[in-house]
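**Student:** I'd like to ask you about the structure that follows.
Where a number appears in this text, it was derived from the coordinates with a stated rule and is not lab data. Since this is a predicted model, take the numbers as computed values, not measurements. Cβ placement follows ideal geometry from the backbone for every residue including glycine, while neighbour counts extend to all protein chains displayed.
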Amino acid sequence: MDETTEGSFQIIGGNFGNAGEASMQLKSKLTELGVNEAIIRRAAIATFEAEMNVIIYAAAGRLHYYINRDKITIKIDDMGPGIENIELAMQEGYSTAPDWVREMGWGAGMGLPNMKKNSDEFRIDSVVGEGTTIEIVINLS
Amino acid sequence: MTLREIAEILEADVVAGSDDLDVTIKNACSADMMSAVLYYHTPDSLLITGLTQPHVIRTAEIAGIKSIVFVLDKKPGADTIELARQKKIPILCTRFCMYTASGKLYEAGLPGCLFK
């Protein structure tokens, strides 16, 4: 795996019908590349949570992944409301999701903690009124 | 415990994956919050839930969950069944509530997922 493999997805806010498409495609790509199953699961879970956050909170977003010999890097930018207090949002169980989202099984306040838990490096940057950028790095060795 | 035994204990209908009932299930988790499933699951487990939308199947696939039981006699839509067939994730439907379904399986020897 000397070269970088990359791909990107557009994610539309509110589109629950396609939820999980980006993570499932990344999962197939990593399986094709022969990556260890436990690492694939971590990447798929972190990506799925990131996708869901865009679908739940933002108007739209873009997910881009890069895979090289050493690591998987996943970047998500969204055009969403932004996060006022990142420290609070990183706490397990804290959520601002409306009831209809919770009724669909999301908004448990586990999304960002789950992304961090499955990452070797996790960065989040957010501007209220503009959007949120997340970078997840998962080492391959 | 095999999926066939689970179906018998829960008096469940198999709505997808009836050819895969010999698969072995090692443990189970009961949840309606999909992030909780992604956070606490153990691979090769059974998910017991009251949600029947297609994204439950996607959550199961991503988490490596082997099979899903829908409780309270909730019947999934055709889109959920089709996705479950594509992803080879058998679906069972039981009339029992989540508490009773979980209790029956636990009593029969199926442990919960190991957290963290």
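**Student:** With the requirement that a residue be surrounded by fewer than 14 Cβ atoms within 10 Å (Cβ to Cβ), part of a helix (DSSP H, G or I) and either touching a residue at least 12 places away in the same chain (Cβ under 8 Å) or in contact with a helix residue (DSSP H, G or I) (Cβ under 8 Å, 6 or more places away or on another chain) (or both), what does segment B:61-98 give you?
**Tutor:** B:Asp79
**Student:** For segment A:107-129, does any single residue satisfy the condition of being farther than 30 Å from A:Asp70 by Cβ, in a loop (DSSP other than H, G, I, E, B), among the hydrophobic types (A, V, I, L, M, F, W, C) and within 14 Å of another protein chain (Cβ to nearest Cβ)? Steps first, answer last, please.
**Tutor:** Let us first name the residues in segment A:107-129 that are farther than 30 Å from A:Asp70 by Cβ, namely A:107-109, A:127-129.
Add one more test, that the residue is in a loop (DSSP other than H, G, I, E, B), and what stays is A:107-109, A:128-129.
Now drop any that are not among the hydrophobic types (A, V, I, L, M, F, W, C), which leaves A:108, A:128.
Now narrow it down to the ones that are within 14 Å of another protein chain (Cβ to nearest Cβ): A:108.
Looking for residues that are farther than 30 Å from A:Asp70 by Cβ, in a loop (DSSP other than H, G, I, E, B), among the hydrophobic types (A, V, I, L, M, F, W, C) and within 14 Å of another protein chain (Cβ to nearest Cβ), one finds at least one in segment A:107-129, hence yes.
**Student:** Looking at A:Asn68, is it more than 11 Å from the chain's Cα centre (by Cα) and closer than 18 Å to B:Met34 by Cα? Show your work before the answer.
**Tutor:** Values: more than 11 Å from the chain's Cα centre (by Cα): yes; closer than 18 Å to B:Met34 by Cα: no.
Against the criterion (more than 11 Å from the chain's Cα centre (by Cα) and closer than 18 Å to B:Met34 by Cα), A:Asn68 does not qualify.
**Student:** Another one. I'd like the full set of residues that are surrounded by 14 or more Cβ atoms within 10 Å (Cβ to Cβ) and either in contact with a His (Cβ under 9 Å, 6 or more places away or on another chain) or among the aromatic types (Phe, Trp, Tyr) (or both), limited to segment A:1-40.
**Tutor:** The answer is A:Phe9, A:Phe16, A:Ala19, A:Gly20.
**Student:** Counting just the residues of segment A:1-45 that are of a type in the set (Asp, Glu) and part of a helix (DSSP H, G or I), which one comes out farthest from the other protein chains (Cβ to nearest Cβ)?
**Tutor:** The initial filter retains those residues of segment A:1-45 that are of a type in the set (Asp, Glu), namely A:2-3, A:6, A:21, A:32, A:37.
Among the residues that remain, those that are also part of a helix (DSSP H, G or I) are: A:21, A:32, A:37.
Details: A:Glu21: 8, A:Glu32: 16, A:Glu37: 8 Å.
Ranking the candidates gives A:Glu32 first.
**Student:** To continue, here is another question. Give segment B:5-17 a look and list any residue that's surrounded by 14 or more Cβ atoms within 10 Å (Cβ to Cβ) and in a helix (DSSP H, G or I), or say none.
**Tutor:** Of segment B:5-17, the ones surrounded by 14 or more Cβ atoms within 10 Å (Cβ to Cβ) are B:5-7, B:9-10, B:12-17.
Result: B:Glu5, B:Ile6, B:Ala7, B:Ile9.
**Student:** Here is a further query. Restricting to segment A:61-95, name every residue that is surrounded by fewer than 18 Cβ atoms within 10 Å (Cβ to Cβ) and within 14 Å of another protein chain (Cβ to nearest Cβ).
**Tutor:** Within segment A:61-95, A:Met90, A:Gln91, A:Glu92, A:Gly93, A:Tyr94 qualify.
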